[in-house]
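Colleague: Here it is, the structure in full.
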Amino acid sequence: MATIRKGTILVVDDEEIMREILETLLTREGYDVKLASSGEEGLELARALPFDAAVVDIMMPGINGIETLDELRRFDEDLAVIIITAYASVESAISAMKSGAFDYITKPFKNEEVLVVIRNAMERRRLVHENRNLRQNIQERYHKFGNIIGRSPKMRQVFDLIIQAAPSRSSILIQGESGTGKELVARAIHSNSSRSEQPFVAVNSGSVSPELLESTLFGHVRDAFAGAVYPKKGLFDLADRGTLFFDEIASVPLDTQAKLLRIIQDREFTRLGDVESVSADVRVIAATNTDLRQTMEDGRFREDLFYRLHVVTITLPPLRARKDDIPLLVQHFLHKYGDENRKADLEVAPDALDLLTEYDWPGNVRELENVVERAVVLTSGPRIGVELIPDHVRRPPSFHMPQFVVPPEGISFKDVITDFEKRLIESTLEASGGVQKRAAELLHIKPTTLHEMIKRYDIRPRRKRQAGPADPTPDSDGGT
């Protein structure tokens, strides 16, 4: 039965006996081996043939091992180069590691030691190629998806929906928790549509006051309201023949919703203070992190506008539902912020990556990006370890179910659940510093749901105690 070849290895050593030992060992293990007696000869072979790894002696006449390493990595930056050194020259080997060597072996060596290092080198080579091929395949399939990173089944469904919906003129509703990348999806839809050469205009409906929203969207004529000294065009004018993206569409007031419905249906609107209609060919893409159907049933969102926007709906999965994508996202952010901070070839230690993968990410991709950016900024070396992962990711809050003893006369199930819910919300608010949005993320409920529960249970923020004689003296930085 023929031996399955595992890869091709270049051995560069000026000692014939060492070349023969390595050739016998590696060939028996299933590798193709090419031999060179000098750095010059090794470089000639590397110019002519592709290799998966190279084993190079550090002390050679002519071109030494370090110089050979540098030249080999110029030919192929992914080539795993393993340095062989005498025990007394370990410092030189460490210097070689800093120059890009994959690992080093000290003479005299054990056969199994060599084989373990070679296997690790080949596995790294395989992973690098697999990652590069995967990126290339994704880019070829989804060449206009910008910074949307993902290969999980859920994200492939999203990609397919984008491709199918982009060419149409229909309005699109994008649903998903905060931080899942709704605006990125909207931009991808625009980029894959016939409007791609026209403007993409984004507006966060929740960040503009109701009084200014209509003027921002539709513009106004002179003297339309106090302070309107000059006429002004709105965002629908700017987005003509392009796309207007509404983030947080649920926060748009009912009166403005009626005007949005008109422009979606009739492709015309009226500026504030004017009586004449203005035509605008604008595709509307809306996004929300709330249950828009529930908002409609509560009377806070127009039913006719809901169904106009609901022609095509794209639901983005939270990051905790597509954890297979986390390593790919981490690598993407490493490159992004490594380039920004002039820190090349960064990697995340396996145990640190495990922590990132196990965490539930209530803030989704945006939270993961912030964590990786922080680690890149703070790292002083090429590897990001566990110590650079924030405490809340390393040690997520544990949950302990309280023990109840049911008295002989029985207990009110409703009262127990109510009391437990109230205490849970209070402790979560305290842990989040009183920020309701963060507390809702920790509890994996919608902010509106949490707000209603706070009102129902009449939960009020705890006031800080005034410093008294028994209180510790504040430190110089303001802490206690």
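The values are calculated or read from the model by the stated rules, or taken from the named source; none is laboratory data. In this text, all values refer to a predicted model and were calculated from it rather than measured experimentally. Positions of Cβ are backbone-derived with ideal geometry, glycine not excepted, and every protein chain shown enters the neighbour counts.
Colleague: Taking the condition of being among the polar types (S, T, N, Q), without any contact (Cβ under 8 Å) to a residue 24 or more places away in the chain and surrounded by 14 or more Cβ atoms within 10 Å (Cβ to Cβ), how many residues in region 278-299 meet it?
Modeller: First, pick out the residues of region 278-299 that are among the polar types (S, T, N, Q): 279, 288-290, 294-295.
Within this subset, residues satisfying the condition of being without any contact (Cβ under 8 Å) to a residue 24 or more places away in the chain are 279, 294.
Filter once more, keeping what is surrounded by 14 or more Cβ atoms within 10 Å (Cβ to Cβ): 294.
Result for region 278-299: 1.
Colleague: Could you tell me whether region 115-125 includes any residue that is in a strand (DSSP E or B), under 34 Å from the mean Cα position of the chain (by Cα) and either charged (D, E, K, R) or farther than 14 Å from LEU10 by Cα (or both)? Working first, answer last.
Modeller: Going through region 115-125, the residues in a strand (DSSP E or B) turn out to be none.
Within region 115-125, none of the residues are in a strand (DSSP E or B), under 34 Å from the mean Cα position of the chain (by Cα) and either charged (D, E, K, R) or farther than 14 Å from LEU10 by Cα (or both).
Colleague: Let me ask something else. Any residue in region 17-33 that's at positive phi: show its pairings with residues that are surrounded by 13 or more Cβ atoms within 10 Å (Cβ to Cβ) and not in a strand (DSSP E or B) at Cβ separation under 8 Å, as long as the two are six or more apart or on different chains.
Modeller: Going by the 8 Å Cβ cut-off, the qualifying pairs are GLY30/LYS6.
Colleague: Here's another thing I want to ask about it. Only residues that are closer than 20 Å to LEU26 by Cβ and within 38 Å of the chain's Cα centre (by Cα): list them for region 69-92, please.
Modeller: Residues of region 69-92 that are closer than 20 Å to LEU26 by Cβ, as a first pass: 69, 72, 76, 78-85.
Once the filter is applied, which keeps residues that are closer than 20 Å to LEU26 by Cβ and within 38 Å of the chain's Cα centre (by Cα), region 69-92 yields LEU69, LEU72, ASP76, ASP78, LEU79, ALA80, VAL81, ILE82, ILE83.
Colleague: Follow-up. List the residue pairs whose Cβ atoms are under 9 Å apart, where the first residue sits in region 233-245 and is closer than 9 Å to THR216 by Cα, the second is crowded, with 18+ Cβ neighbours inside 10 Å and among the acidic types (Asp, Glu), and the two are 6 or more positions apart or on different chains.
Modeller: GLY234/GLU214
Colleague: Give all pairs with beta carbons closer than 9 Å in which a residue from region 60-81 that is outside the structural domain of ASP345 (by TED's automatic domain parsing) and under 15 Å from TYR104 (Cα atoms) meets a residue that is of a type in the set (Asp, Glu) and in a loop (DSSP other than H, G, I, E, B); count only pairs at least 6 apart in sequence or on separate chains.
Modeller: LEU79/ASP52; ALA80/ASP52
Colleague: To continue, here is another question. Only one of GLY381, GLY363, GLY338 is small (Gly, Ala, Ser) and either within 20 Å of VAL185 (Cα to Cα) or assigned by TED's automatic domain parsing to the domain that holds SER168 (or both). Can you tell me which? Reasoning before the result, please.
Modeller: Numbers: GLY381 fails: either within 20 Å of VAL185 (Cα to Cα) or assigned by TED's automatic domain parsing to the domain that holds SER168 (or both); GLY338 fails: either within 20 Å of VAL185 (Cα to Cα) or assigned by TED's automatic domain parsing to the domain that holds SER168 (or both).
None of the other options fit; the residue is GLY363.
Colleague: Any residue at all in region 216-236 that is in the same structural domain as SER168 (by TED's automatic domain parsing), within 23 Å of ASN147 (Cα to Cα) and of a type in the set (Phe, Trp, Tyr)? Talk me through it step by step, then tell me what you get.
Modeller: Pass one, region 216-236, residues in the same structural domain as SER168 (by TED's automatic domain parsing): 216-236.
Next, only the ones that are within 23 Å of ASN147 (Cα to Cα) stay: none.
There is no residue in region 216-236 that is in the same structural domain as SER168 (by TED's automatic domain parsing), within 23 Å of ASN147 (Cα to Cα) and of a type in the set (Phe, Trp, Tyr).
Colleague: Which residues, counting only those in region 144-183, are touching a His at 6+ places or on another chain (Cβ under 9 Å) and either β-branched (Val, Ile, Thr) or within 18 Å of VAL330 (Cα to Cα) (or both)?
Modeller: Result: ASN147, ILE149.
Colleague: Moving on to the next point. Test each condition in (1) charged (D, E, K, R); (2) touching a residue at least 60 places away in the same chain (Cβ under 8 Å); (3) more than 30 Å from ALA321 (Cα to Cα) for GLU197 and report the one that comes out false.
Modeller: (2)
Colleague: Continuing with this model, one more query. How many residues are of a type outside the set (D, E, K, R) and under 16 Å from the mean Cα position of the chain (by Cα) when one looks only at region 160-180?
Modeller: Of the residues in region 160-180, the ones of a type outside the set (D, E, K, R) are 161-168, 170-176, 178-180.
In the following step, the residues that additionally are under 16 Å from the mean Cα position of the chain (by Cα) were identified as 176, 178-180.
Residues meeting the conditions: 4.
Colleague: Which numbered condition in (1) modelled with pLDDT of 90 or more; (2) surrounded by 16 or more Cβ atoms within 10 Å (Cβ to Cβ); (3) more than 39 Å from the chain's Cα centre (by Cα) is the only one that GLU44 fails?
Modeller: The one condition GLU44 does not meet is (2).
Every residue, every condition in (1) small (Gly, Ala, Ser); (2) within 11 Å of the chain's Cα centre (by Cα); (3) surrounded by fewer than 20 Cβ atoms within 10 Å (Cβ to Cβ); (4) part of a helix (DSSP H, G or I), yes or no:
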position	(1), (2), (3), (4)
LEU334	no, yes, no, yes
ASP339	no, no, yes, yes
LYS343	no, no, yes, no
ALA352	yes, no, no, yes
THR357	no, no, yes, yes
TRP361	no, yes, no, no
ALA375	yes, no, no, yes
GLY381	yes, no, yes, no
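Colleague: A follow-up question, please. Counting only residues that are more than 14 Å from ASP13 (Cα to Cα) and in contact with a Gly (Cβ under 8 Å, 6 or more places away or on another chain), which one in region 28-41 is surrounded by the fewest Cβ atoms within 10 Å (Cβ to Cβ)?
Modeller: Residues of region 28-41 more than 14 Å from ASP13 (Cα to Cα): 28-32.
Then drop every residue that is not in contact with a Gly (Cβ under 8 Å, 6 or more places away or on another chain), which leaves 31-32.
On the way: TYR31: 22, ASP32: 15.
Among residues in region 28-41 that are more than 14 Å from ASP13 (Cα to Cα) and in contact with a Gly (Cβ under 8 Å, 6 or more places away or on another chain), the one surrounded by the fewest Cβ atoms within 10 Å (Cβ to Cβ) is ASP32.
Colleague: Pairs needed: first member in region 335-358, modelled with pLDDT under 90; second member anywhere, in a helix (DSSP H, G or I) and among the basic types (Lys, Arg); C-beta distance under 9 Å; at least 6 residues apart or different chains.
Modeller: If the second residue must be in a helix (DSSP H, G or I) and among the basic types (Lys, Arg), the pairs left are GLU358/LYS323.
Colleague: Output yes when any residue across region 296-312 is within 26 Å of the chain's Cα centre (by Cα) and closer than 22 Å to GLY206 by Cβ, and no when none is.
Modeller: no
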